[in-house]
1. Would you work out which of 172, 71, 50 lies farthest towards the positive end of the dipole of the chain, given +1 charges on the beta-carbon of Lys and Arg and -1 on that of Asp and Glu, about the Cα centre?
2. Could you give the size of the charge dipole of segment 187-238 about its Cα centre, using +1 on the Cβ of each K and R and -1 on the Cβ of each D and E, expressed in debye and rounded to the nearest 20?
3. At 1.4 Å probe size, with every protein chain present, just tell me what the per residue accessible area of the chain comes to in Å².
4. Which of 217, 18, 201 sits closest to the plus end of the dipole of the chain, meaning its Cα is farthest towards the positive end, when Lys and Arg get +1 and Asp and Glu get -1 on the C-beta?
5. If you work out Rg and Dmax of the Cα atoms in Å from the coordinates, which of (i) 21.6, 64; (ii) 20.3, 81; (iii) 17.8, 55 do you get?
6. For the residue pair residue 84 and residue 70, what label-to-label distance in nm results when each label sits 7 Å from Cα along the Cα-to-beta-carbon direction?
7. Label points 7 Å out from Cα along the Cβ direction at residue 212 and residue 39: separation in nm?
8. Assign unit charges at the C-beta atoms only (+1 for Lys and Arg, -1 for Asp and Glu), then state the dipole size of the chain relative to its Cα centre in Debye, rounded to the nearest 20.
Amino acid sequence: MAFKRVERRSVPDEVYEQLLDDVVGGELAPGKNLPAERQLAEVLGVSRPAVREALQRLAHSGLLAVRQGDGTTVLDYRKHAGLDLLPRLLIRGGKLDFGVIRSIVEARLLIGQEVAALAAGRAGADLETPLQQAIDDLAAATDPVAQQHRALVYWEHVVDGADSIVFRLMFNNLRASYEPAIDALANVLSAEVSRVESYRHLAAAITSGDKDRAKQSAAKLLHLATDELLGVITQLEG
């Protein structure tokens, strides 16, 4: 592969970004050994400490294995990386990766149902005020992008009501993956975020403490955009 010289010599972020793009893009394949720090520093035109910091960050993200005396090896991010990598996978080379989008909306559909059920069982009526306010804000929004942002606030209350740190962190990562593409997805997701009554039905199920009805209402609501989006992806890929 051809490394590029880094213009901002004092910032190791540039080294990190370039290597990350090459790992995710497949130019640096799993199992490949990287050149030594000194060689990388020379090729990139940066200091060895900058290279070292970038490699350590990539190692912490599960993309590289750095072993003293044994070099640095590229890992398969599919097996070693975490959800924090999703935003980088969503848009590559300035284009949306439809396979990643499909994975995100499928996960959103399945996780949303379980989160709604947990919120009904653990928070129930305590969510009545925040959910009602979120619904009012959603109803007042007319722009599809604004509606998506209001819907995210609604779901943030639901996730908090579920009282699960795992689901909360997953929500954070899925949101970080979704927000960069929010403008591009506005028309497709309008099928969901424009259905204010569906949000009201879900809120009623959650605040009543009915876990089964909350799960069913969440599935019905989330299927609106999921089915629409998956249909569009199938057309674009065909």
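1. Positive-end residue among those listed: 71.
2. Computed about the Cα centre, the dipole is about 260 debye.
3. 52 Å²
4. Selected residue: 18.
5. Read-out taken from this structure: (i).
6. Using points 7 Å along Cα→Cβ, the separation is 2.4 nm.
7. So the label points at residue 212 and residue 39 sit 6.4 nm apart.
8. 680 debye
The values are calculated or read from the model by the stated rules, or taken from the named source; none is laboratory data. Given the structure is predicted, the values throughout are model-derived calculations rather than measurements. Cβ: placed from backbone, ideal geometry, glycine included. Neighbour counts: every protein chain shown. Each accessible area value is taken on the protein alone, full model and side chains, heavy atoms only, with ligands, DNA and RNA left out. Shrake-Rupley method; radii C 1.70, N 1.55, O 1.52, S 1.80 Å.
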